[in-house]
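Chemist: Take this structure first; my questions come after.
What follows draws every value from the coordinates through simple rules; no lab data is involved. It should be emphasised that the depicted structure is a prediction, and the values quoted were computed from it without experimental measurement. Cβ: placed from backbone, ideal geometry, glycine included. Neighbour counts: every protein chain shown.
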Amino acid sequence: MNIMRRKRVLVTGGAGFIGAHLCARLLRDGCEVVCVDNFFTGTRDNVRPLLDHPHFEVLRHDITHPLFVEPDEIYNLACPASPIHYQHDPVQTVKTNIIGAINMLGLAKRTRAKILQASTSEVYGDPLEHPQPESYWGNVNPIGPRSCYDEGKRCAETLFFDYHRQHGLNIKVARIFNTYGPLMHPNDGRVVSNFIVQSLLGKDITVFGDGTQTRSFCYVDDLVEGLVRLMDSRDGFTGPVNLGNPVEFTMLELADKVIGLTGTKSVVRFDPLPQDDPRQRKPDISLAERELGWKPQEPLQEGLVKTVDYFRKLLSEIEHPP
Ligand code: NAD
Ligand code: UDP
């Protein structure tokens, strides 16, 4: 970084779950942060503690429209991540992934900024190889209800690599696996937030299918550390690189853990499995370990304790507003 001025970092989707943690981390690191968000799934509340920071700015903007700012680095996180939200307006999800990526890549090209894409384990679809290394090309349905997200993210990766090859852009691509923690939206629909909120409200815990499908859950602080390390990685290292926790759980095991932690009287209810729901998912993180010296530190049990505390407080504030 030029010692005469702070590094200027643009975070798209900065008012979302991961984005808000990333903005806070970058401010702690001494960067000037511009958070861009259309508030589709993100909220001002997520970044409220940062609003008075002298080096923080929030812009309400949809990245499907061009943006004129002058960053040194761009983290492109804008995109709803939860199946219920990205399927709510699938055409907009595709536009965010593709037109949004083209706009952010165009911005990076003009300003010569380094640009990081928040890609996803969903590029592997319902994987036939397990665990998933970055060399696996995936098993994705191109026309199903998840395709707006999966194929949108796959095409965004294509765009990143074409801008890199064609225009020499300095790109970094992270394939993020299921991440959880405080600031997830209570109605987000993802499994960790659903199970915790259902338990705290004494409602049935909705396990989809028979609950034997697996996921690997990464605590958000670990993930943010991985993103920052990737942005700072050596010149020429583009990824894609898997960022996720390689410890795998079934959804029934997750439900048991949440029931144990919350002491709830809620019971498990089995609901139908959504179409194209991947059977199993677990990252091979050897590339991240080798290139970034990164691996997750937070065990699921401890991350869940912090997440349960967060939702307990949030729900009590909703019930008894200050
Ligand atoms: P999130 O839904 O909480 O955050 C996404 C943010 O992007 C929200 O603030 C939303 O309002 C904003 N946004 C959406 N469309 C936009 C647009 N067109 N213009 C501007 N802002 C827009 O989700 P998250 O969990 O924080 O995910 C962040 C990124 O990480 C996403 O790109 C997601 O695909 C990726 N990712 C997340 C996970 C995970 O488990 N959380 C896993 C894989 C990949
Ligand atoms: N799931 C579940 N109950 C819920 C929400 C999700 O059993 O209330 C399951 C879902 O079918 C999937 C897993 O949990 O198998 C993870 O779902 P999530 O939406 O969190 O993420 P993704 O499917 O994108 O990995």
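Chemist: Checking the structure you have, find out if any residue of region 160-169 is out of contact with any Asp or Glu (no Cβ under 6 Å at 6 or more places or on another chain), of a type outside the set (D, E, K, R) and within 15 Å of ligand 1 (Cβ to nearest atom).
Modeler: yes
Chemist: Select from region 244-264 the residues that are touching a helix residue (DSSP H, G or I) at 6+ places or on another chain (Cβ under 9 Å) and in a loop (DSSP other than H, G, I, E, B) and write down the one among them that is nearest to ligand 2 (Cβ to nearest atom).
Modeler: Per the stated criteria, the residue is G244.
Chemist: Also, I was wondering about something else. Filter region 148-182 for residues that are under 12 Å from the mean Cα position of the chain (by Cα) and either in a loop (DSSP other than H, G, I, E, B) or without any contact (Cβ under 8 Å) to a residue 24 or more places away in the chain (or both); which is nearest to ligand 2 (Cβ to nearest atom)?
Modeler: Looking at the filtered set, the residue picked out is N178.
Chemist: Residues to consider are E151, E225; find the one that is under 25 Å from L128 (Cβ atoms) and of a type outside the set (A, V, I, L, M, F, W, C).
Modeler: Residue meeting the stated conditions: E151.
Chemist: So in region 82-115, with the set limited to residues that are of a type outside the set (D, E, K, R), outside any helix (DSSP H, G or I) and surrounded by fewer than 24 Cβ atoms within 10 Å (Cβ to Cβ), which one is farthest from ligand 2 (Cβ to nearest atom)?
Modeler: A113
Chemist: Next question, about the same structure. Give the number of residues within region 135-147 that are surrounded by fewer than 19 Cβ atoms within 10 Å (Cβ to Cβ) and touching a residue at least 40 places away in the same chain (Cβ under 8 Å).
Modeler: 3
Chemist: While we're here: Would you check which residues across region 19-37 are farther than 19 Å from A118 by Cα and either in contact (Cβ under 8 Å) with a residue 40 or more places away in the chain or of a type in the set (A, V, I, L, M, F, W, C) (or both) and list them?
Modeler: Selection gives L27, D29, C31.
Chemist: Among the residues of region 43-73, what is the count of those that are of a type in the set (V, I, T) and part of a loop (DSSP other than H, G, I, E, B)?
Modeler: If we filter region 43-73 for residues that are of a type in the set (V, I, T), which is where we start, we get 43, 47, 58, 63-64, 69.
Pick out the ones that are also part of a loop (DSSP other than H, G, I, E, B) and you get 43, 63-64, 69.
The number of residues fulfilling the criteria is 4.
Chemist: If Y180 satisfies every condition in (1) in contact with a Cys (Cβ under 8 Å, 6 or more places away or on another chain); (2) more than 16 Å from ligand 1 (Cβ to nearest atom) but one, which is the exception?
Modeler: Looking at each condition in turn, Y180 falls short on (2).
Chemist: Which residues, taken from region 192-240, are among the β-branched types (V, I, T) and not in a loop (DSSP other than H, G, I, E, B)?
Modeler: Selection gives V192, I196, V197, I205, T206, V207, T214, V220, V224, V228.
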